[in-house]
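Here is the structure we will look at.
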Amino acid sequence: MEKVILQPLIAAIIAALIAIRSYRRNSLNLSGAIAGFFVMFIHFAVGYRYGAMLLAFFLSSSKLTKVGEEKKRRIDADFKEGGQRNWIQVLFNSGIATVLAVIIWKYTGWEDKCLDSKDSALITSLIGGIIGHYCCCNGDTWSSELGVLSDAQPRLITTFKTVRRGTNGGVTMAGLLAAAAAGSVIGLTHVVFGFFTTQCTYDVALKQLLVIPLSALAGLCGSLIDSLLGATVQFSGFCTVRNKVVGKPGPTVKKISGLSILDNNGVNLVSVMLTTLLTSMACVYIF
């Protein structure tokens, strides 16, 4: 009974502090801060491990967004000071994981579970989905934010031809390595917090370490899926007036690649859904 009262209270305090801090530092606008509060509250209220993964993604990506801002301002047509996110971006980057967390709570209450298909394949798949979700989000963000700063010329993932920096679907080796590292951070966060919040047999607990390499692969996979979608169903063109790569056709825009089917949020959502599904299936098979 104490945990039922205490954990939601702690979750509300943490969520409020992070939302206020993020709003003051321009990481989130007002709508983003409000949405972020509710999303973070649900994650921490369901389990500290889920909140920690969300926090690892949000804090690391927000920090990297501010690295090399001058260079990004010259390249990115949609550049925002501090990488400020609104409620739509918050939900696109955490909505699916929030739903999965609520489903886990429905079946387990406040009991944190290890990844163990022999105990429950359903819970293992749901937890694996949350891991995959944030590996994809973190991998895509790290890849984009660090890849664009690389001295190497990006290559379009579908043709391997060199393209301008900022082109959707353009990849660099630095960006791909960053995606794998970003996934590893999510996996490491899950494992470390799991040691304190779960009670599993020794062999099951030891097997949880496999989450780290799996997460690295999920981060890389999510970034590749995002790049493939960006190169094919998301428009990229070079505006001769603004001298930048833009995401919408126009009279002064010369097409580089892609079709105007999905915008950046849509591409992110599809890549997250696919990576979530693939990681969920992998966890059931491995664990």
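Criterion first (in a helix (DSSP H, G or I), open to solvent by 10 Å² or more (accessible area, probe 1.4 Å) and closer than 20 Å to L220 by Cα) does L126 satisfy it? I'd like the intermediate steps shown before the answer.
On the way: in a helix (DSSP H, G or I): yes; open to solvent by 10 Å² or more (accessible area, probe 1.4 Å): yes; closer than 20 Å to L220 by Cα: no.
Against the criterion (in a helix (DSSP H, G or I), open to solvent by 10 Å² or more (accessible area, probe 1.4 Å) and closer than 20 Å to L220 by Cα), L126 does not qualify.
This table checks each residue for (1) within 17 Å of the chain's Cα centre (by Cα); (2) part of a loop (DSSP other than H, G, I, E, B); (3) farther than 16 Å from T276 by Cα.
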| residue | (1), (2), (3) |
| --- | --- |
| A174 | no, no, yes |
| A182 | yes, no, no |
| V185 | yes, no, yes |
| V191 | no, no, yes |
| F196 | no, no, yes |
| Q199 | no, yes, yes |
| Q208 | no, no, yes |
| A218 | yes, no, no |
| L224 | yes, no, no |
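With I20, I10, I14, I5 as the choices, which residue is in a helix (DSSP H, G or I), within 13 Å of W110 (Cβ to Cβ), modelled with pLDDT of 90 or more and open to solvent by 30 Å² or more (accessible area, probe 1.4 Å)?
Working: I20 fails: within 13 Å of W110 (Cβ to Cβ); I14 fails: within 13 Å of W110 (Cβ to Cβ); I5 fails: modelled with pLDDT of 90 or more.
Step by step, each of I20, I10, I14, I5 is checked, and only I10 is in a helix (DSSP H, G or I), within 13 Å of W110 (Cβ to Cβ), modelled with pLDDT of 90 or more and open to solvent by 30 Å² or more (accessible area, probe 1.4 Å).
Residue-level check: of (1) surrounded by fewer than 20 Cβ atoms within 10 Å (Cβ to Cβ); (2) at pLDDT 90 or above; (3) in contact with a helix residue (DSSP H, G or I) (Cβ under 9 Å, 6 or more places away or on another chain), K106 misses just (3). Of all the criteria given as (1) outside any helix (DSSP H, G or I); (2) within 21 Å of C221 (Cα to Cα); (3) hydrophobic (A, V, I, L, M, F, W, C), the one not satisfied by W142 is (1). Of the residues contained in segment 183-203, one or more are found to be modelled with pLDDT under 95 and surrounded by 22 or more Cβ atoms within 10 Å (Cβ to Cβ).
Residue selection: A77 fails the criterion of being within 29 Å of G175 (Cβ to Cβ) and either crowded, with 20+ Cβ neighbours inside 10 Å or modelled with pLDDT of 95 or more (or both).
From the list L214, L177, L224, exactly one residue is open to solvent by 10 Å² or more (accessible area, probe 1.4 Å) and within 16 Å of S60 (Cα to Cα). Which is it? Even if it seems obvious, please write down each step before you answer.
On the way: L214 fails: within 16 Å of S60 (Cα to Cα); L224 fails: within 16 Å of S60 (Cα to Cα).
After applying the criteria, what remains is L177.
Tallying residues that are open to solvent by 60 Å² or more (accessible area, probe 1.4 Å) and in a loop (DSSP other than H, G, I, E, B) within segment 150-164 yields 7.
Specify which of the listed residues (N264, N243, N268) is surrounded by fewer than 20 Cβ atoms within 10 Å (Cβ to Cβ), polar (S, T, N, Q) and under 22 Å from N138 (Cα atoms).
After ruling out the rest, the residue left standing is N264.
The values are calculated or read from the model by the stated rules, or taken from the named source; none is laboratory data. The structure presented is a predicted model; accordingly, all values stated were derived computationally and were not measured. Don't worry about glycine lacking a Cβ; one is built from the backbone with ideal geometry, like all the others, and counts go over all protein chains shown. Surface areas here come from the heavy atoms of the whole protein model, side chains and all, with no ligands, DNA or RNA. Shrake-Rupley method; radii C 1.70, N 1.55, O 1.52, S 1.80 Å.
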